[in-house]
Amino acid sequence: MPSSSETINASTSGTWKLGDLTVNRLGFGSMRLPQNGTAFTDGAPNDRDRAVGVLRRAVELGVNHIDTAAFYFSPLRSANELINSALAPYADDLVITTKVGPGRDPSGAWVWATPEQLRGQVEENLRQLGRDHLDVVNLRLAPSQASASVADHFGALADLRDAGLIRHLGISHTTPEQLAEARTIAPVVCVQNAYGIESPAEDHAFLRACGEQGIAFVPFFAIAGTGREQGSNGVQSDSVLAVARSHEVTPAQVRLAWTLHQGPHVLAIPGTGNPDHLAENVAAGALRLTGEDLALLAR
């Protein structure tokens with residue numbers, strides 16, 4: 001971990017390529033930017049200037065991979081719009097990953113796009129971000145699609161990739177079988193699934209399989225764990241607390257470091273609207289856990 005006199009920078013986490021795009025493995029997730037507290041609730045909107053400041057500070061700290069979506073918004077704030085306001089014109093090395101599939105209708109109710117509606121979602125992301133193409137687009141699958149074919153939806157995105165609106169494709173909330181099917185249609189550069197220390201054995205196996213195929217694995221809820229969209233519930237295992245004490249870091253930093261230790265293809269996208277938490281998250285990219293630490297956490 002860098003000392004207070006050393007520079008905190010996301011580059012200490014190492015790099016990985018999403019297709020031909022090189023990113024630092026410690027990135028930033030924008031889901032919590034639009035509003036205070038938990039995501040997708042009726043919480044108060046985040047202070048706009050503070051949210052913009054967090055994004056600009058993230059880039060100053062070496063973050064060059066930002067995860068977002070058009071459906072990340074509160075009544076007054078949109079993550080995509082905040083990113084556009086804070087960071088455009090975008091740096092050449094900045095990679096913005098978005099996702100399509102879920103959406104909100106005019107009443108605010110959740111809907112899931114048909115294959116024919118995905119183009120509209122892609123174009124909405126383009127407009128909000130102020131870009132003429134999207135770096136990476138993940139197809140986010142619904143819980144009801146756990147065993148469904150992805151051919152029609154992923155094929156629609158592959159057509160948009162061929163048309164030049166999308167550079168690279170990924171898939172989110174998916175299974176090994178769906179990933180295999182998607183790869184018969186177009187190259188897949190990343191899988192984005194819920195994952196953390198408490199994940200079951202089959203999730204660890206899927207992560208390793210992605211690495212063997214050269215596909216980035218991008219966990220969400222790595223810090224929140226079982227709290228998921230509601231955020232961390234503050235309950236930590238004895239092993240996480242013990243490792244945090246030994247390194248004089250926070251439990252959240254241990255969780256992030258553990259995530260990155262799962263393989264060179266694993267990327268972290270912790271999100272926050274708090275500038276202090278942002279610095280702690282980025283610093284976690286330099287935390288090197290020992291074999292003893294990893295064995296303790298594996299229990």
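The values are calculated or read from the model by the stated rules, or taken from the named source; none is laboratory data. Bear in mind that the values here come from a model prediction, so they are computed numbers and not experimental data. So basically every Cβ, Gly included, is an ideal-geometry build from the backbone, and we count neighbours across all protein chains shown.
Does segment 118-151 hold any residues that are over 25 Å from His65 (Cβ atoms), more than 21 Å from the chain's Cα centre (by Cα) and in a loop (DSSP other than H, G, I, E, B), and which are they?
Once the filter is applied, which keeps residues that are over 25 Å from His65 (Cβ atoms), more than 21 Å from the chain's Cα centre (by Cα) and in a loop (DSSP other than H, G, I, E, B), segment 118-151 yields Ser147, Ala148, Ser149.
What pairs come out if I take residues in segment 14-30 that are part of a loop (DSSP other than H, G, I, E, B) and pair them with residues that are hydroxyl-bearing (Ser, Thr, Tyr) whose C-beta lies under 9 Å away, six or more apart or interchain?
Arg25/Ser13; Arg25/Thr15; Gly27/Ser13; Gly27/Thr97; Ser30/Thr68; Ser30/Tyr72
Kindly provide the set of residues from segment 93-122 that are in contact (Cβ under 8 Å) with a residue 40 or more places away in the chain and either among the aromatic types (Phe, Trp, Tyr) or at positive phi (or both), ordered by number.
Gly101
For the structure I just gave you, tell me whether Asp293 is of a type in the set (Asp, Glu), surrounded by fewer than 18 Cβ atoms within 10 Å (Cβ to Cβ) and over 18 Å from Asp67 (Cα atoms).
So Asp293 does not fit the description; no.
Taking segment 85-98, which residues are part of a helix (DSSP H, G or I) and out of contact with any strand residue (DSSP E or B) (no Cβ under 9 Å at 6 or more places or on another chain)?
The answer is Ser85, Ala86.
Given the conditions (1) in a loop (DSSP other than H, G, I, E, B); (2) of a type outside the set (D, E, K, R); (3) over 24 Å from Arg50 (Cα atoms), which single one is not true for Gly103?
Unmet condition: (1).
What number of residues within segment 235-249 are in contact with a helix residue (DSSP H, G or I) (Cβ under 6 Å, 6 or more places away or on another chain) and not hydrophobic (A, V, I, L, M, F, W, C)?
Of the residues in that region, 2 qualify.
Does segment 240-261 include one or more residues that are closer than 15 Å to Phe220 by Cα, at pLDDT 95 or above, part of a loop (DSSP other than H, G, I, E, B) and in contact with a Gly (Cβ under 9 Å, 6 or more places away or on another chain)?
Scanning segment 240-261, I find no residue that is closer than 15 Å to Phe220 by Cα, at pLDDT 95 or above, part of a loop (DSSP other than H, G, I, E, B) and in contact with a Gly (Cβ under 9 Å, 6 or more places away or on another chain), so the answer is no.
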